[in-house]
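Notes follow the structure.
Nothing in this text is a laboratory measurement; each read-out follows from the coordinates by a stated rule. The model shown is predicted, which means the values in this text are computed figures rather than measured ones. Heads up, the Cβs are rebuilt from the backbone with ideal geometry, glycines too, and the neighbour counts pull from every protein chain shown.
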Amino acid sequence: MPGWTYIMASKRNGTLYTGVTGNLARRVYEHRNGLTPGFTRRYKVHLLVWYEEHATLPLAIQREKSLKKWRREWKLNVIEEQNPDWIDLYETLLML
């Protein structure tokens, strides 16, 4: 079963959240609609700005743990490399 590592933001250069899931579209939907209490709902972190697929969920979890140790500047760089305009990538998930 594949896994996904992702970064969500409140706005360009705003609050960031790094997460992992086995179903990216469902999880981002939950974040966007405030369906689960926690960080993303509290800080209105609703924009999917970066994601990557992994062959297995354990590999995605390993990558998430690594990203969470990164300095903020590094996370901003990885977002800007793939998504320089910080567009909300949620709509692209419907094509996966």
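Would you mind finding the longest exposed-site-free stretch of the chain, with exposed trypsin sites (Lys or Arg not before Pro) meaning DSSP loop and at most 16 other Cβ atoms within 10 Å?
13-43
Do any chymotrypsin sites (Phe, Trp or Tyr not before Pro) in region 1-76 lie in a loop, going by DSSP, with at most 16 other beta-carbon atoms within 10 Å of their beta carbon, and if so which?
Sites meeting the loop and neighbour criteria: Tyr43, Trp70.
With the crude spin-label approximation of a point 7 Å out along Cα→Cβ, what separation in nm comes out for Trp74 versus Glu91?
Once both label points are built, they end up 3.3 nm from each other.
Mind checking the full-extension length gain between Arg26 and Ala55? Use 0.36 nm per residue of separation minus the Cα-Cα distance, one decimal, nm.
8.6 nm
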